[in-house]
Every structure is written in C-alpha cells, then in structure tokens.
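Chemist: My structure is below; once you've seen it, I'll send some questions.
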Amino acid sequence: MLSRLFAPKVQVSAHCDLPCGVYDPAQARIEAESVKAVQEKYQANEDPHFRARATTIKEERAELAKHHVSVLWSDYFKPPHFEKYPELHQLVNDTLKALSAAKGSTDPATGQKALDYIAQIDKIFWETKKG
C-alpha cells in the first residue's frame, strides 16, 4: 500500500541525464581558439620565458578542449545521433587527435585544423537539437 502511495504518478524520459542546455560545442571551440591564439603569439615572440608560459597555457587549453569534445561524445550524443550521422565517431576521434597535435605543436595550422573539426561537430550538434 505504501509503495502505491509513493509511486510516481508520471513517468518521464529524456535522452540525456541533464537538460541538454548544459552541452555546447562552443566550450570546445573557445578553448581551441585560445590554443591557436597562443600558437600565434608564441610564433611572434622570441622571449624564452614568454614561450614557456605560452606552451603551458596552450597545453592546458588543448586538454580542456579535448575534455569538452569527449563530454559531448560520451554524454550528449546517443545511438540515434550515431545512426543518423555515421561519420560522428570518426569525426570525434579525428578532433581529439587534432587537439592532441595542437597541444604538442606551436604551429597555428594545427590549432586551425582542430577548430575546423570542432566546427563540423558543432554543425551536427545543432542539427540534433532541431529534431
């Protein structure tokens, strides 16, 4: 009798464990933009102390971007998304690898490549939000 009294009256379901508003590829993009900007500043400055600080910041930002992409992959995207966008697994993998490359490089082209991949994830993400 008590179990019926305290049983939920309405059952709800969602495809994610929190409201989808908490996920946004913009977080990864902002960090990746920082990576590229630091790479450009690194190239423009010969001071070894500046370069050491820039390297540390670049590596931290690249890790944060990787984290945000990984969270999208593991927490936001669900089987129906992967069915509709079969390239999504490979795209996420390529993005993470590009961010790793940018983390270990001072060449702004590596930062731009990561940004290009994130833009593709962003496009798919917003398409999934429409329907």
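What follows draws every value from the coordinates through simple rules; no lab data is involved. Treat the numbers as computed from the prediction; the structure is a model and nothing was measured. Here the Cβ positions follow ideal geometry from the backbone for every residue, glycine too, while neighbour counts run over all protein chains shown.
Chemist: If we count every other residue with Cβ under 15 angstrom of A65's Cβ, Lys/Arg +1 and Asp/Glu -1, where does the sum land?
Modeler: Surrounding charge for A65 is -1.
Chemist: OK, next. Shape verdict for region 23-127, please, from the Cα gyration tensor: rounded (a/c under 1.5), prolate (a/b greater than b/c) or oblate. Please report the intermediate quantities before stating the final value.
Modeler: On the way: a/c = 2.92, a/b = 2.60, b/c = 1.12.
Cα axes put region 23-127 in the prolate bin.
Chemist: Summing Lys, Arg as +1 and Asp, Glu as -1, what charge do residues with Cβ under 13 Å from the Cβ of N93 carry, N93 excluded? Let's see the in-between values first.
Modeler: Values: positive: K66, K97; negative: E87, D94.
Overall, the nearby charge balance is 0.
Chemist: Straight-line reach from K103: which lysines have a Cα under 27 Å away, not including same-chain ones fewer than 8 places off?
Modeler: K36, K41, K58, K66, K113, K123
Chemist: Using θ = phi - 60° and the Karplus relation 6.51 cos²θ - 1.76 cosθ + 1.60, list the HN-Hα couplings for region 61-71 in order, rounded to whole Hz, with x at every Gly or Pro.
Modeler: 5, 5, 5, 5, 4, 4, 4, 5, 5, 4, 5
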